[in-house]
Amino acid sequence: MDEILANSWKKVEQVIEKALAEDLSFGDATTEALIPTEQQGRASIIASEQGVVCGVEVAKEVFLHVDPSIRFEALIQDGAKVRKEDVVAVIEGKVASMLKGERVALNFLGRLSGIASETARYVEAVKGLKAFITDTRKTTPGIRLLEKYAVRVGGGKSHRQHLGDGILIKDNHLAALRFFGLGVKDAIQRARQSSTLKVEVEVGSVSEAEEALEAGADALLLDNMSLEDMRQVVEIAKGRALIEASGGITLGNVRQVAETGVDLISVGALTHSARSLDLSLELEA
């Protein structure tokens, strides 16, 4: 667990409580009908495929929220690679408690591990080049904190955590300002007057990038630009501003994008399209 997540652990606990409430507000009819309350057992969380594990402490917290007497031993830590049949954790305690927490724990663990695994693939694809892979705000409502943590576990960087975490002037902001006859330069001036945060401007063409650079932008977001246009902007900027590429980034083209010389490559697919890693909980007979 990194410092960002550790400092926000109370928020993580709130997310866990909501997830458990979603599953257990009306009890567990099957477990309560079949399993004796005091029956003890042992179970293992097992990887069904290879990937990068993330969310072990979250899974542990789920079981402890269900039953504080459960014993959870992590055998593999966040950030480690797993292969099929690897045992991620061993759980001991009341069987009924394990069954009640199983699905929520695996949902978190599988989702976060899937994001970490996908991020690791992107990071590997640009290995040796200067560009960093970053996430976006295209996250699942309510669990952004965890999904961005998973990106970091996979070797990526976190972009803005929320709207107050940086100034990013996008096309719709500029469209609203044009109603008053204002442009990019005016927008940057207004931003600087009200905040000390770095100012990034979204641009869709080389000419827009030049205008934003002239206006003093600290960073440029190159939105769905061609590789050639990206190279031109990098050359024009000459280090005057941080250059971020975004839009249409895939595993198939991410290295080509990195080779243009951009500093950051933001990939929404890391969080909005990553497939969950397949893990299971197996109770020992």
**Request:** Take the residues in the range 1-21 that are more than 25 Å from VAL87 (Cα to Cα) and touching a residue at least 60 places away in the same chain (Cβ under 8 Å), then tell me which one is surrounded by the most Cβ atoms within 10 Å (Cβ to Cβ).
**Result:** VAL15
**Request:** Select from the range 24-45 the residues that are exposed (fewer than 15 other Cβ atoms within 10 Å of the Cβ) and of a type in the set (Asp, Glu) and write down the one among them that is nearest to the chain's Cα centre (by Cα).
**Result:** GLU32
**Request:** State the number of residues belonging to the range 156-179 that are among the small types (Gly, Ala, Ser) and under 11 Å from the mean Cα position of the chain (by Cα).
**Result:** 2
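Please find, within the range 230-276, the residue that is surrounded by the fewest Cβ atoms within 10 Å (Cβ to Cβ) out of those that are in a helix (DSSP H, G or I) and of a type in the set (D, E, K, R).
Residues of the range 230-276 that are in a helix (DSSP H, G or I), as a first pass: 230-237, 254-258, 269-272.
Narrowing further to those that are of a type in the set (D, E, K, R): 231, 235, 255.
Values: ARG231: 16, GLU235: 11, ARG255: 17.
Filtering the range 230-276 for residues that are in a helix (DSSP H, G or I) and of a type in the set (D, E, K, R), the one surrounded by the fewest Cβ atoms within 10 Å (Cβ to Cβ) comes out as GLU235.
With the requirement that a residue be touching a residue at least 24 places away in the same chain (Cβ under 8 Å) and either touching a His at 6+ places or on another chain (Cβ under 9 Å) or on the phi > 0 side of the Ramachandran plot (or both), what does the range 125-136 give you?
To start, the set of residues in the range 125-136 that are touching a residue at least 24 places away in the same chain (Cβ under 8 Å) comprises 125-126, 129-136.
Matches in the range 125-136: THR134, ASP135, THR136.
Would you point out which residue out of ARG121, ARG111, ARG103, ARG42 is assigned to a strand (DSSP E or B), of a type outside the set (Phe, Trp, Tyr) and modelled with pLDDT of 95 or more?
Values: ARG121 fails: assigned to a strand (DSSP E or B); ARG111 fails: assigned to a strand (DSSP E or B); ARG103 fails: assigned to a strand (DSSP E or B).
Selected residue: ARG42, the only one of ARG121, ARG111, ARG103, ARG42 that is assigned to a strand (DSSP E or B), of a type outside the set (Phe, Trp, Tyr) and modelled with pLDDT of 95 or more.
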**Item:** Lone qualifier among LEU279, LEU197 - being in contact with a Gly (Cβ under 7 Å, 6 or more places away or on another chain), assigned by TED's automatic domain parsing to the domain that holds GLY114 and either exposed (fewer than 14 other Cβ atoms within 10 Å of the Cβ) or among the hydrophobic types (A, V, I, L, M, F, W, C) (or both)
**Value:** LEU279
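Confirm whether LEU5 is within 28 Å of GLN161 (Cβ to Cβ), at pLDDT 95 or above, in a helix (DSSP H, G or I) and aliphatic (A, V, I, L, M).
Working: within 28 Å of GLN161 (Cβ to Cβ): yes; at pLDDT 95 or above: no; in a helix (DSSP H, G or I): yes; aliphatic (A, V, I, L, M): yes.
Considered against the rule, which asks whether it is within 28 Å of GLN161 (Cβ to Cβ), at pLDDT 95 or above, in a helix (DSSP H, G or I) and aliphatic (A, V, I, L, M), LEU5 comes out as no.
The values are calculated or read from the model by the stated rules, or taken from the named source; none is laboratory data. Since we're looking at a predicted model, the values are computed, not measured. Cβ atoms come from the backbone with ideal geometry, glycine included; neighbour counts cover every protein chain shown.
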